[in-house]
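J.: Before we start, here is the structure in question, set down as structure tokens.
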Amino acid sequence: MSRNEPAITPDLVAEHGLKPDEYERILKLIGRPPTFTELGIFSAMWNEHCSYKSSRLHLRKLPTKAPWVIQGPGENAGVIDIGDGLACVFKMESHNHPSFIEPYQGATTGVGGILRDVFTMGARPVACLNLLRFGSPDHPRTRHLVAGVVAGIGGYGNSFGVPTVGGSVGFHTRYDGNILVNAMAVGIAGKDAIFYSAASGVGRPIVYLGSKTGRDGIHGATMASAEFDADSEEKRPTVQVGDPFSEKLLLEACLEIMAKGCVIAIQDMGAAGLTSSAVEMGAKGNLGIELDLDAVPCREEGMTAYEMMLSESQERMLMVLDPAREADAEAIFRKWGLDFAIVGRTTDTLRFVVKHQGEVKADLPIKELGDQAPLYDRPWVPTPKKPVIAVASVHPPMSNRHALLKLLGSPDLSSKRWVWEQYDHLILGNSIQQPGGDAAVIRIGEGPKGLALCTDVTQRYCEADPVEGGKQAVAEAWRNLTAVGARPLALTDNLNFGNPEKPEAMGQFVGCVEGIGEAARALDFPIVSGNVSLYNETQGRGIPPTPSIGGVGIVDDVTKTSTLAFKADGDVIMLVGASRGWLGQSCYLAEICGREEGAPPPVDLAAERAAGDFVRGLIQEGLTTAVHDLSDGGLAVALAEMAMAGGIGADIEPPGDLPAHAWFFGEDQGRYVLTARADAVESVKERADNAGVELLAIGKTAGAALTLPGEAPILISDLRAAHEGWFPAYMASAR
């Protein structure tokens, strides 16, 4: 079939990430040895990143449906009905390995790729978020990676013109060799104007749109499906290069031809580029695809069929067009200065045929490229249960005052202002709440409705107990949305784990998926899109299991959302939810006591739901003046954050039977701090009694200091100095 191509040898097969038994499966499927181009196509379609061969067996257990879900997993992004004829389109994706190799370009193309997933569905992007995990601050490479990733996210989002409104940043030595860069994008579309990727109709033109194809990103998806090693720097050529200005043009051109009714099907060229996009469009539509690579716009001379099929050059789309509107579509793309080329057609053969320079470079069964990808039921072992840490076994090494200041200045709990001030979070003019709160809030159009958005995960909980950790990640997203007054609707996820061929790592994955599913069902919080990133290991050392959760909620009136800032002196401070002083896997135990151990706090989903519904009702009735959910660092950290945000202090009453350090730093779940005017307290208590929710008055807002019982007052200026100081000082310090 092809000339001038290397012979297919066991070494070449292994270099393509295919195991011997998988290669045997290919031979049986096509009845002959593959060509070099076909080997590359199988490598792209059957790698972990594209085929989900280790995970899809377990992903089927997740709840994905609800009356408001328009499109669940399986498309470019998930879609939910948000009323008034509108839909919210959103998804989260990872760009972990590329960002470790080349942090700026890895992060930019992660943002660009997730934005394309959203506008491919016909939605205009309105917000981006992210979840970032870096290695130990003491590691010599960490500062460089933080600087590059943050600059890359800002460089792409700011230039493209979409606000980056929220996120999460954390550090742990287990990410030293494998950072996490998870990007989330959110868009708005007409409910009846969603575009899908399944091709339809025989003989219709397949059109290549956007930027030209180059040699960047070849084998990017395969690289993302393998462990790192000491030679990861040599993989730099597999990292794509992004151009946000081209993507902005691509967005406008795509939305314009969609509005004119030119588009039958559309798929962005992400992982595995032209290969994956063409195969998915044909296979989903039960059609064959024939491509003529001579027509593909290339920016480099002499590109081979293999290179064109596997390139992951950015800002490219593949569409099936209505033949009658072909001229209209081309005129629009030419107007925007973008390439427009007919590179193939749909067929009724169910074959994927690739031609180049008069030769057939590939001729494969299209359905089997996806449907017959290996599906593994990997061996797994459950994570052994950790012992519960008794409160009496944790002896405070310092005063609660000093512990609070130290926690506020720790890498994970310090202010991330240095990060988010590099992002334009105000562009488009619809950002209602800036980063730093519980959840971002953006107005939909002219309002009054809005969306609340957040990203969450506590990886130390997930490692100690994957089931409880998975539940907690979903519950925290639910709490963060609730705390601003939003009704949680749906979530997306990015499941970051180690090597699935290790039963312990696979057990972590299975456990987290079980916990996520249990919480999503209990909270009516379906998963509508997501991504799995496995093999996050370097030289055999895996990351902590990190199932990132992206939450989306609806706000009926953005003028009535809640913030965490104390508003006035004399407000009564109340604690919602039960407190047991849980210190296992807490920030206090790790940062103050130097102990990362014990079972994480259990999640009572019924109590979680009751507390959330109660708090949301108070906000809607206008009975609260501030609301903040409790998570890392417990009550004391939450109170400090509220005081700093409002510039108002608080006098806190002594705890009951609990030791003070457990009361202030325990991380029991399902809790909120809220404030109310004195004349509203009885109404709040009455509603708590009716809802069966624990409620305790713990103090009042007052003055310019936070006073914990038995401790000297801490000036808000001292809280801010501790909280705001660590990140800028770290990034400015000498290498």
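The values are calculated or read from the model by the stated rules, or taken from the named source; none is laboratory data. A quick note: this is a predicted structure, and the numbers were derived from the prediction, not measured. Here Cβ is always computed from backbone atoms with ideal geometry, including for glycine, and neighbour counts include all displayed protein chains. Accessible surface areas use protein heavy atoms only, side chains included; no ligands, DNA or RNA. Shrake-Rupley method; radii C 1.70, N 1.55, O 1.52, S 1.80 Å.
J.: For the chain, with the dipole built from +1 on Lys and Arg beta-carbon atoms and -1 on Asp and Glu ones, taken about the Cα centre, which of 441, 323, 37 lies farthest toward the positive end?
T.: It is 323, whose Cα lies furthest towards the positive end.
J.: Tell me, what % of the accessible area of the chain is carbon and sulfur with a 1.4 angstrom probe?
T.: Solvent-exposed carbon and sulfur of the chain make up 52 percent of the total.
J.: Please compute, over every Cα-Cα pair in the stretch 367-487, the percentage with a separation greater than 20 angstrom.
T.: Of all Cα-Cα distances in the stretch 367-487, 68 percent exceed 20 Å.
J.: How many percent of DSSP beta bridges within the stretch 76-176 run antiparallel, rounded to 5?
T.: Looking only at bridges with both residues in the stretch 76-176, the antiparallel portion is about 40 percent.
J.: Moving on to the next point. Quick check on the stretch 271-315: take the gyration tensor over C-alpha atoms, sort the square-rooted eigenvalues as a ≥ b ≥ c, and tell me if it's rounded (a/c under 1.5), prolate or oblate.
T.: Prolate shape, in that a/c is at least 1.5 and a/b is the bigger ratio.
J.: Let me ask another. Compute the separation of the alpha-carbon centres of the stretch 534-558 and the stretch 394-469 and state it in Å as a whole number.
T.: 14 Å
J.: Toward the positive end of the charge dipole of the stretch 610-735, about the Cα centre and with charges on Cβ (Lys, Arg +1; Asp, Glu -1), which of 714, 631, 696 goes farthest?
T.: 714
J.: Next up: Keeping all protein chains in the complex and leaving out DNA, RNA and ligands, what accessible area do you get for residue 432 with a 1.4 Å probe, in Å² to the nearest 10?
T.: Per-residue accessible area (residue 432): approximately 60 Å².
J.: For residue 504 paired with residue 252, estimate the spin-label separation in nm (one decimal), with each label point 7 Å from Cα along the Cα-to-Cβ line.
T.: For the pair residue 504/residue 252, the computed spacing is 5.4 nm.
J.: Please list the radius of gyration and Dmax for the stretch 636-689, considering alpha-carbon atoms only, with Å as the unit.
T.: That works out to 13.0, 32 Å for Rg and Dmax.
J.: Roughly how big is the stretch 1-150's charge dipole about its Cα centre, with Cβ charges of +1 (Lys, Arg) and -1 (Asp, Glu), in debye to the nearest 20?
T.: Magnitude of the dipole: close to 280 debye.
J.: Okay, moving on. Once Rh for the stretch 576-709 is found with the Kirkwood sum over Cα pairs, what is the Stokes-Einstein diffusion coefficient at 4 °C and 1.567 mPa s, in µm²/s?
T.: My calculation gives 84 µm²/s for D.
J.: Check each of the trypsin sites (Lys or Arg not before Pro) in the stretch 354-422 and keep only those in coil by DSSP with at most 12 other C-beta atoms within 10 angstrom; list them in order.
T.: Hits after loop and neighbour filter: 385.
J.: Cα centroid distance between the stretch 668-693 and the stretch 22-48, in Å?
T.: 61 Å
J.: Can you list, bin by bin at 10 Å, the percent of alpha carbon pairs in the stretch 86-211, starting at 0?
T.: Result, from short to long distances: 13, 38, 28, 15, 6, 1 percent.
J.: For a 28 Å ceiling on Cα separation, which of these pairs sit above it: 28/61; 212/416; 28/53; 65/367?
T.: The pairs that break the limit, which is 28 Å between Cα atoms, are 28/61; 212/416.
J.: Relative to the compact globular guide of 2.2 N^0.38 Å, what is the alpha carbon radius of gyration of the chain, as a ratio?
T.: Normalised by 2.2 N^0.38 Å, the Cα Rg of the chain equals 0.97.
J.: Now a separate question. Under the rule of at least 5 residues apart or a separate chain, name every residue whose amide H is placed under 5 Å from the amide H of residue 533.
T.: 495, 496, 497
J.: Find the percent of Cα-Cα distances in the stretch 20-91 that exceed 16 Å, and round it to a whole number.
T.: Result for the distance tail: 64 percent.
J.: ³J(HN,Hα) across the stretch 200-214 via Karplus (A = 6.51, B = -1.76, C = 1.60, θ = phi - 60°), whole Hz, x for Gly/Pro?
T.: Working through the residues one at a time gives 8, x, 8, x, 7, x, 9, 10, 8, 10, x, 7, 6, 8, x Hz.
J.: Where the centroid of each part is defined by its Cα atoms, how far is the stretch 123-189 from the stretch 593-641 in Å?
T.: Here the answer is 25 Å between Cα centres.
J.: Okay, next question. Determine how many Å³ per residue the convex hull of the Cα atoms of the stretch 308-350 encloses.
T.: 92 Å³
J.: Then there's this: Going from the alpha-carbon gyration tensor of the stretch 282-432, what semi-axes, largest first and in whole Å, does one get by taking the root of 5 times each eigenvalue?
T.: In descending order, the three semi-axes are 54, 28, 16 Å.
J.: Okay, moving on. Would you tell me the accessible area of residue 368, worked out with a 1.4 angstrom probe on the heavy atoms of the protein chains, in Å² to the nearest 10?
T.: 60 Å²
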